[in-house]
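See below for the structure under consideration.
The values are calculated or read from the model by the stated rules, or taken from the named source; none is laboratory data. Because the structure is a prediction, the values reported are computed rather than measured. In this analysis, Cβ positions are derived from the backbone assuming ideal geometry, glycine residues included, and neighbour counts consider all displayed protein chains.
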Amino acid sequence: MLIRKLGRSGLKVAALCLGGNTFGWTTAQKASEAVLDAYMEAGGNFIDTADVYSRWVPGNKGGESEIVLGTWMAARRNRPDVVMATKVCGPMGPGPNDGGLSRQHIMQGVEASLKRLQTDYIDLYQAHWDDRGTPLEETLRALDDLVRQGKVRYVGASNYVAFRLTRALWESERHGYARYECLQPKYNLVFRDEYERELEPLCLEQNVGVIPYSSLASGFLSGKYRRGEGLPTTARAAGVQKTYMTERGFTVLAAVEKVAAGLGVTPTQVAISWLAHRPGITAPIASATSIAQLKELLAGVELQLDGEARKTLDQASSWREA
């Protein structure tokens, strides 16, 4: 398993971050533990979740993924071996202070996450979304206090645009607060411009680690969505159809499948390899609901694409005008 450093923090993490969004939702406790055990046995150590996973499911309250992970870590007694990342900001109740990045919600949120994870510290605590209704200084001061208290080791941001991330880094430096050591953007072969246009040069210049989500375009780049055919019976199929089943999407998928066929590997492995070896990328986030899926993802991280393969993929997916 490839190991990389997260930003300038010195924290060393596996080059594939295992996404926890399916745990407690489409993957039950026993199946989740099988995937988690296999990931750790393969040399992995970096797991990403969020307090809101999976609040969107009828009957769920949020925190289901964290509960699965906490139960697993307690049973395996492996907490020191895991780099646990979770997030705060999403609504966890109906009240006006049950979401966002206010000091009150952050302090309530971290205590709830610690309890569900059955731990006394979180390795990486991330702002799940930007909250422009709360002063950045208030958010950053609260996160800095958590670092000073030892409840959080490092902090990061997710879904921030470039000017807001720049402002956050500046505020942290100005006040001496713990800064955002990583960014979690949406980024894949089909969806490139939003990250590459401004966020990529910023993260490279400021040595901010990058752990992109939607690495496989919600499964579209695995090749299981075909033009003119019925949709898979999955919870996210309708969203994939709307977002990725476009002329551009199928052009990119065709290039991925062409490279995969030439190398004798799967489209999933090609898409993950392209992303994992982009400049500045620390670890793509990808979820697995079975050991077979996990092994495919791990092989993708290890796969090295040659110059011709990367050129084929870059040209098919480029957002820049010729």
Check: Quick one: A168 ticks every box in (1) crowded, with 16+ Cβ neighbours inside 10 Å; (2) within 30 Å of T251 (Cβ to Cβ); (3) in contact with a Lys or Arg (Cβ under 8 Å, 6 or more places away or on another chain) bar one, so which box is it?
Finding: (2)
Check: Does V147 fit the bill of being closer than 22 Å to A168 by Cα, at pLDDT 95 or above and buried (at least 20 other Cβ atoms within 10 Å of the Cβ)?
Finding: no
Notebook entry, point to check: (1) farther than 12 Å from T86 by Cβ; (2) buried (at least 21 other Cβ atoms within 10 Å of the Cβ): which one isn't true of L117, the others all being true?
Noted result: (1)
Check: Which of the residues that make up the range 20-34 are surrounded by fewer than 23 Cβ atoms within 10 Å (Cβ to Cβ) and either within 21 Å of S273 (Cβ to Cβ) or small (G, A, S) (or both)?
Finding: A28, A31, A34
Margin query: Among the residues of the range 301-311, are any among the small types (G, A, S), touching a Cys at 6+ places or on another chain (Cβ under 7 Å) and in contact (Cβ under 8 Å) with a residue 40 or more places away in the chain?
Written below: no
Next item on the list: Output yes when any residue across the range 306-319 is in a helix (DSSP H, G or I), acidic (D, E), in contact with a helix residue (DSSP H, G or I) (Cβ under 7 Å, 6 or more places away or on another chain) and more than 22 Å from P185 (Cβ to Cβ), and no when none is.
Entry: no
Check: For the range 166-198, which residues satisfy the criterion of being among the hydrophobic types (A, V, I, L, M, F, W, C), touching a Phe, Trp or Tyr at 6+ places or on another chain (Cβ under 7 Å) and in a helix (DSSP H, G or I)?
Finding: A168, L169
Margin query: Against the conditions (1) buried (at least 18 other Cβ atoms within 10 Å of the Cβ); (2) modelled with pLDDT of 95 or more; (3) under 21 Å from the mean Cα position of the chain (by Cα), where does V256 fall short? Just the number, please.
Written below: (3)
